[in-house]
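J.: This is the structure I want to talk about, given as structure tokens.
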Amino acid sequence: MNVRRGSTTFLKVIIFLAGIGVLALCIWLPGISVKDAKVHPDTAYFLIPFLICSYGFCTAVSVALYQAYKLLTYIEKNNAFSDLALKSLQIIKKCAFAVIILIVIAIVSLRVLASVTDSDDAAGPTSLCLMGILATSIFAAAVDALQKPLKKAPI
């Protein structure tokens, strides 16, 4: 029992630290956007899709982190096979799909920006976005693999 309690506490601390990182990103984004708009006033209108994708990403990740925290609380209370745990996993999976959709929108925005301005090369950011899609897809598949035994488990 102590090992499980220690493990869940450690994971809760990691989730809390990740949440602080997401909050810092949300605070940092407007400032960097204003600086970029001042440097490149001709392409400042492309900041709107960037900010929408960024804040959507932060919102989805924050919701997923909160649900993961709740899931760890259920595990601590020996309710790992409850309907509440299943609902948390479903919400986490939906957040992963939302992140994938937002990353695809970001890729499209990058490609349009690269075609409008001849000087920008979008290959590097596009490849990073594709790696993010791969990582999020693996995460969503892992959550789905966890979700299937919970659906079949007797409550």
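J.: When the Kirkwood hydrodynamic radius is evaluated over all pairs of different C-alpha atoms of region 1-49, what value in angstrom, to one decimal, is obtained?
T.: After inverting the mean inverse Cα-Cα distance, the result is 13.5 Å.
J.: Report the calculated FRET efficiency for residue 97 and residue 70 (r = Cβ-Cβ distance, R0 = 25 Å), to the nearest 0.05.
T.: It comes to 0.85.
J.: Computed from the mean reciprocal separation of all distinct C-alpha pairs, what Kirkwood hydrodynamic radius does region 50-130 have, in Å? Intermediate values should be presented prior to the final figure.
T.: Details: mean 1/r = 0.0694 Å⁻¹.
In region 50-130 this quantity evaluates to 14.4 Å.
J.: Next question. For residue 87, go through the lysines and keep the ones whose alpha-carbon is under 28 Å away, minus same-chain ones fewer than eight residues off.
T.: Filter leaves 12, 70, 77, 148, 151, 152.
J.: In nanometres, what is the gap between the two model label sites at residue 10 and residue 43, each 7 Å from Cα along Cα-to-Cβ?
T.: Taking the simple label geometry, residue 10 and residue 43 are separated by 4.4 nm.
J.: Between residue 28 and residue 81, how high is the FRET efficiency from 1/(1 + (r/R0)^6) when r is the Cβ-Cβ distance and R₀ = 35 Å? Nearest 0.05. Intermediate results must be reported in sequence, preceding the final value.
T.: Working: r = 40 Å, r/R0 = 1.14.
Efficiency computed from Cβ-Cβ geometry: 0.30.
J.: Oh, and also: So what's the gap between the Cα centers of region 103-155 and region 5-65, to the nearest angstrom?
T.: Spelled out, the Cα-based centre of one part sits 16 Å from the other.
J.: With only Lys, Arg, Asp and Glu charged, each at its Cβ (+1 for the first two, -1 for the last two), find how big the charge dipole of region 31-155 is about the Cα centre; round to the nearest 20 debye.
T.: On the way: 11 positive and 8 negative charges, 152 e Å.
Magnitude of the dipole: close to 720 debye.
J.: Thinking of region 91-155 as a set of Cα atoms, what percent of all their pairs are more than 13 Å apart?
T.: Beyond 13 Å sits 67 percent of the P(r) for region 91-155.
J.: Could you give the alpha-carbon Rg of region 28-92 over 2.2 N^0.38 Å, rounded to two decimals?
T.: So the Cα radius of gyration is 1.73 times the expected 2.2 N^0.38 Å.
J.: Calculate the radius of gyration of the Cα atoms of the chain to one decimal place, then report Dmax, the largest Cα-Cα distance, as a whole number, both in Å.
T.: Rg, Dmax (Cα atoms, Å): 19.0, 60.
Bear in mind that the values in this text are calculations on the coordinates, not laboratory data. What you see is a predicted model, and the numbers here were worked out from it, not measured in a lab. Methodologically, a virtual Cβ is constructed for each residue, glycine included, from the backbone with ideal geometry; neighbour enumeration extends over all protein chains shown.
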